[in-house]
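A short write-up of the structure that comes next.
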Amino acid sequence: MELKNLPNPFIPEKLPINITEILIDENIIKLISKANRSIGMYNGLLYNSPNPNLLISPLIAQEASLSSKMEGTHATLEDILNFDAGLSVNIEKDEMHEVINYREALYYALEKMSTISDLEKNGKLPLTSNLIKNIHKILLNNVRGSSKNPGEFKKFQNYIGSKHKIDFTPLSPELTPEYMYNLETYIHDDRIDVLVQTALIHAQFEMIHPFQDGNGRIGRLLIPLFLYYREVLILPTFYMSQYFESDKNLYIKNLSNISKNNDYKSWIEYFLIGIIEQSEKNTEKAKELMEIYSNIKNITSKEITSQFLIPMIDFMFKSPIFKISQLVRNLNMSKDRAYTLTQQLIDLGILSCDDVIRNRTYFVNPILEKIL
């Protein structure tokens with residue numbers, strides 16, 4: 001069906017916008033204060049953790065699943081863990097790789113990106129359009145959308161909606177580089193509360209929709225990357241997809257109200273409430289995972305004497321479903337040592353395995369019970 005009378009591209013106001021009246025609203029002031037306290041508590045927990053990197057793998061895998069779900073991809077966290085272990089999953093190949101690419105894009109950003117006070121140290125990059133393009137290229141590598149200029153801004157007008165109805169026409173390709181440069185400049189503006197700024201950056205990116213495909217996932221990725229870049233977080237492990245996905249229509253409604261009614265207030269309120277809710281959930285999840293780590297360490301250290309014990313526990317948090325070959329490769333240990341160690345952990349009730357004779361799969365029960 002050919003669509004007629006397509007709406008003209010929406011041209012948003014460039015950042016920074018004047019939201020003085022919004023920022024003196026009593027409810028907004030309370031939300032800003034509570035949101036900063038909530039995310040500060042989460043970051044404090046990470047900061048005081050002996051090994052906050054343990055949280056990266058389970059949280060990133062969960063986010064990869066949830067963010068991709070918003071785009072119609074059906075791979076669950078369990079599918080991702082099974083795929084990593086080399087098990088078959090009942091998911092289309094393209095869909096599975098979209099989720100894996102999302103995770104790879106996050107890891108790439110974590111490896112390559114600096115923070116704002118650490119610019120150009122160790123060869124790391126600031127949060128710029130070039131870094132965003134590189135992340136986008138990874139996201140669309142060899143999946144649906146790989147023919148739509150991965151890593152390059154759109155060359156043709158894109159639309160948001162269905163085949164039969166266009167809900168929104170983003171910024172034109174001609175204006176996209178100019179607006180992305182403006183967004184990049186605003187990322188380094190520190191004259192406004194950083195969480196309100198995060199809300200505006202996400203909204204502006206979605207209204208620009210700078211790429212031919214993959215904009216939703218990149219826009220959601222920008223949230224933890226910006227918070228990490230601006231040093232609100234010591235690790236970019238704060239994800240909003242769970243909040244957005246819980247009521248996708250409300251997310252779209254609040255975002256759409258900016259272009260339809262110039263209503264930034266409702267969007268900022270909605271976003272700050274999400275920061276609070278997600279901070280509380282993340283804090284609880286982090287506490288639970290840290291407690292599991294501590295319990296496993298305490299139980300095993302009394303019963304097992306091995307130089308590989310602590311690296312093994314760390315590996316199990318990264319790969320709670322695994323094969324012996326993966327353990328051998330990651331810890332650079334012999335197969336005999338690997339079999340001995342896994343059997344000891346089975347005896348302690350920490351691991352279980354399937355009943356196949358060859359190439360068994362091992363499951364880290366305490367972790368899987370908590371994250372699945």
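The values are calculated or read from the model by the stated rules, or taken from the named source; none is laboratory data. All of these numbers come straight from a predicted model, not from anything done at the bench. FYI the Cβ positions are ideal-geometry reconstructions off the backbone, even for glycines, and counts take in every protein chain you see.
Taking the stretch 135-144, which residues are surrounded by 20 or more Cβ atoms within 10 Å (Cβ to Cβ) and modelled with pLDDT under 95?
Leu139, Leu140, Val143 - these are the residues of the stretch 135-144 that are surrounded by 20 or more Cβ atoms within 10 Å (Cβ to Cβ) and modelled with pLDDT under 95.
Return a yes/no flag: does the stretch 48-55 have any residue that is touching a residue at least 24 places away in the same chain (Cβ under 8 Å) and surrounded by 19 or more Cβ atoms within 10 Å (Cβ to Cβ).
yes
For the stretch 159-186, name all the residues that are part of a loop (DSSP other than H, G, I, E, B) and closer than 16 Å to Glu71 by Cα.
Tyr159, Ser162, Lys163 - these are the residues of the stretch 159-186 that are part of a loop (DSSP other than H, G, I, E, B) and closer than 16 Å to Glu71 by Cα.
For Pro12, indicate whether it is part of a helix (DSSP H, G or I) and either in contact (Cβ under 8 Å) with a residue 24 or more places away in the chain or not assigned by TED's automatic domain parsing to the domain that holds Tyr159 (or both).
So Pro12 fails the test.
Sort through Phe271, Phe315, Phe322 and tell me the only one that's among the aromatic types (Phe, Trp, Tyr) and out of contact with any helix residue (DSSP H, G or I) (no Cβ under 7 Å at 6 or more places or on another chain).
Phe322
Got at least one residue in the stretch 187-205 being polar (S, T, N, Q), touching a residue at least 60 places away in the same chain (Cβ under 8 Å), out of contact with any strand residue (DSSP E or B) (no Cβ under 8 Å at 6 or more places or on another chain) and part of a helix (DSSP H, G or I)?
Yes: one or more hits.
Take the residues of the stretch 318-333 that are surrounded by fewer than 21 Cβ atoms within 10 Å (Cβ to Cβ) and in a helix (DSSP H, G or I): which is nearest to the chain's Cα centre (by Cα)?
Filtering the stretch 318-333 for residues that are surrounded by fewer than 21 Cβ atoms within 10 Å (Cβ to Cβ) and in a helix (DSSP H, G or I), the one nearest to the chain's Cα centre (by Cα) comes out as Lys318.
Looking at this structure, is Ser68 under 30 Å from Tyr159 (Cα atoms), out of contact with any strand residue (DSSP E or B) (no Cβ under 8 Å at 6 or more places or on another chain) and assigned to a helix (DSSP H, G or I)?
yes
Can you tell me which residue within the stretch 61-107, out of those that are basic (Lys, Arg) and within 14 Å of the chain's Cα centre (by Cα), is nearest to Asn142 (Cα to Cα)?
Top of the filtered list is Arg103.
Please verify whether Gln242 is closer than 29 Å to Pro150 by Cα, outside the structural domain of Pro311 (by TED's automatic domain parsing) and either touching a Leu at 6+ places or on another chain (Cβ under 8 Å) or among the β-branched types (Val, Ile, Thr) (or both), treating the condition exactly as stated.
Criteria met by Gln242.
Of everything in the stretch 71-99 that's out of contact with any helix residue (DSSP H, G or I) (no Cβ under 9 Å at 6 or more places or on another chain) and either outside any helix (DSSP H, G or I) or in contact (Cβ under 8 Å) with a residue 60 or more places away in the chain (or both), which residue is surrounded by the most Cβ atoms within 10 Å (Cβ to Cβ)?
Per the stated criteria, the residue is Asn82.
Could you list, in sequence order, all residues of the stretch 287-306 that are loosely packed, with under 13 Cβ neighbours inside 10 Å, in contact (Cβ under 8 Å) with a residue 24 or more places away in the chain and either more than 21 Å from Ile371 (Cα to Cα) or of a type in the set (Phe, Trp, Tyr) (or both)?
Glu303
What residue, among those in the stretch 334-356 that are touching a strand residue (DSSP E or B) at 6+ places or on another chain (Cβ under 7 Å) and assigned to a helix (DSSP H, G or I), is surrounded by the fewest Cβ atoms within 10 Å (Cβ to Cβ)?
Ile346
Of the residues Asn18, Asn27, Asn43, Asn36, which single one is assigned to a loop (DSSP other than H, G, I, E, B), of a type outside the set (A, V, I, L, M), modelled with pLDDT of 95 or more and farther than 24 Å from Pro173 by Cβ?
The match here is Asn18.
Scan (1) within 17 Å of Leu225 (Cα to Cα); (2) modelled with pLDDT of 90 or more; (3) not polar (S, T, N, Q) for the single condition Leu59 breaks and write down its number.
(2)
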